[in-house]
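Data first, discussion second: the structure below is written as structure tokens.
The values are calculated or read from the model by the stated rules, or taken from the named source; none is laboratory data. Please read all numbers here as calculations on a predicted model, not as lab measurements. Methodologically, a virtual Cβ is constructed for each residue, glycine included, from the backbone with ideal geometry; neighbour enumeration extends over all protein chains shown. Side chains are part of the model used for accessible areas, which takes the heavy atoms of the whole protein and leaves out ligands, DNA and RNA. Shrake-Rupley method; radii C 1.70, N 1.55, O 1.52, S 1.80 Å.
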Amino acid sequence: MGSVSFPASSEPPKPWVETPLIYSAQLSNAAGCNIYLKLENVQPSGSFKSRGIGNMMLRSTLPSPPSSPSSSSTSFQEPPTTQRKIHFFCSSAGNAGLACATTAHTLACPATIVVPTSAQEPVLRRLRGLGATVVIHGSSWFEADTHLREVVMPASALEDLQQESSGGEGEEGEGEKTQKKTKQVYVPPFDHEDIWSGAATLMDEVAEQMRVVHRAYVDAVVCNVGGGGLLNGIMEGVWGPTRNPGTGEGGLGKEVGGGKEPRVLAIETVGADSFNQSVKAGELVKMKQITSIASSLGAVQVSKKTWEWSQMVGGENLVSATVTDAEAAMASVRFADEHRMLVEVSCGATLATAYNGDLRRYLGKGLSDEEWRNVNVVMVVCGGSHVSVDVLKAYREKYGPEIAWA
């Protein structure tokens, strides 16, 4: 299997790509307004995770320290370090693990992914096919992550130390040996500043694509919420001070929104709705368990940064809402029928709001039919790995009878 290596004088390749932003006549007809789809399902890993996790991993290969929230995530000024081996570690049986393995392959670095026993065989095959070492342990993500941190990473460090010691002094000086010592990088699924900065590049692209291709402003952006990595990136893109340096304005919001920031609608499924529960409670809530089938949204608590965004610009600017598992599942089915693309149920949660009337309920309150027809909404098609033709067939059989619009 091929891998990517860098010429010494060049920058490393970005582990994500610019994705299409297309107008959807089908979803526009269903919602009654103009729907544009940001197709993150065509990222190298199959989901938006390529942006955030890719950015975090890429920056860890640079000699300079990781970026702060105030530095640009798209400025790569230094070549990767070639003298020090980097080993990436991640605990995820889903989109984060696939993004880590895909990025590690792109950067020609080893990766170890620890997954719980519930991990699906197709995902395991993809991880191994990307060259990752897969360790199966525990019945939950928490147990897998604990095993990664407390057992796998220390054992790997000890093995590296033993190999270094057994190599002897040889012809290398001590300084050169130190430089070649393996650097371990733990890759979290969503809670890291560089992950949010990477996700924010999505809004950079939307701003340019709406201006140049579609020649329209954006009134709202709709995305789903799991741990908050994607939402944090979108909020950074709309409101954050790093996106419009030197203008005195925060974010790209007023530029892309025609003088006002686009509203953001954040969607979860009932049973994986830690953000919605937090908004309703007025404090950061930790759920006891996840009961939704949308496992990719299954964070028992959103990141602290996500909660902070809701407090800073919440209300009408950042709206939290939920859909049922049945609605999310049948949205994935209908989307496949209409657009010939397979997306997992977590992504279906976002799309469901166009089909079930929630989009207008939350974003078009008080607008006439004519006014609503002129509203432009970008929906993030985040993609995902937990989907197949058989899965969608099972959704249709189980949930189809209870969803009228399906």
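Need the failing condition index for T112 against (1) touching a Phe, Trp or Tyr at 6+ places or on another chain (Cβ under 9 Å); (2) assigned to a helix (DSSP H, G or I), just the number.
Condition not satisfied by T112: (2).
Give the residues of segment 1-39 that are over 22 Å from L351 (Cα atoms) and either at pLDDT 90 or above or open to solvent by 60 Å² or more (accessible area, probe 1.4 Å) (or both), sorted by residue number.
Listed by number, the residues that qualify are M1, S3, S5, P7, A8, S9, E11, K14, P15, W16, V17.
Criterion first (of a type outside the set (S, T, N, Q) and surrounded by 15 or more Cβ atoms within 10 Å (Cβ to Cβ)) does A299 satisfy it?
Yes, satisfied.
Can you name every residue in segment 331-376 that is within 18 Å of N34 (Cα to Cα), outside any loop (DSSP other than H, G, I, E, B) and of a type in the set (S, T, Y)?
Within segment 331-376, T350, T353, Y355, Y362 meet the criteria.
Could you tell me whether segment 312-330 includes any residue that is more than 29 Å from G282 (Cβ to Cβ), out of contact with any helix residue (DSSP H, G or I) (no Cβ under 6 Å at 6 or more places or on another chain) and either of a type in the set (A, V, I, L, M) or not in a loop (DSSP other than H, G, I, E, B) (or both)?
No, segment 312-330 contains no residue that is more than 29 Å from G282 (Cβ to Cβ), out of contact with any helix residue (DSSP H, G or I) (no Cβ under 6 Å at 6 or more places or on another chain) and either of a type in the set (A, V, I, L, M) or not in a loop (DSSP other than H, G, I, E, B) (or both).
For (1) open to solvent by 10 Å² or more (accessible area, probe 1.4 Å); (2) under 19 Å from S274 (Cβ atoms); (3) touching a strand residue (DSSP E or B) at 6+ places or on another chain (Cβ under 9 Å); (4) not basic (K, R), each residue gets a yes or a no:
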{"site": "E327", "(1), (2), (3), (4)": "yes, yes, yes, yes"}
{"site": "A331", "(1), (2), (3), (4)": "no, no, yes, yes"}
{"site": "G357", "(1), (2), (3), (4)": "yes, no, no, yes"}
{"site": "L363", "(1), (2), (3), (4)": "yes, no, yes, yes"}
{"site": "E370", "(1), (2), (3), (4)": "yes, no, no, yes"}
{"site": "V381", "(1), (2), (3), (4)": "no, no, yes, yes"}
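What residue, of T74, T61, T81, is modelled with pLDDT under 65 and in contact with a strand residue (DSSP E or B) (Cβ under 9 Å, 6 or more places away or on another chain)?
T81
Just the residues that are more than 20 Å from the chain's Cα centre (by Cα) and either modelled with pLDDT of 95 or more or within 13 Å of I86 (Cα to Cα) (or both), please, taken from segment 106-131.
A108, C109, P110, R128, G129, G131
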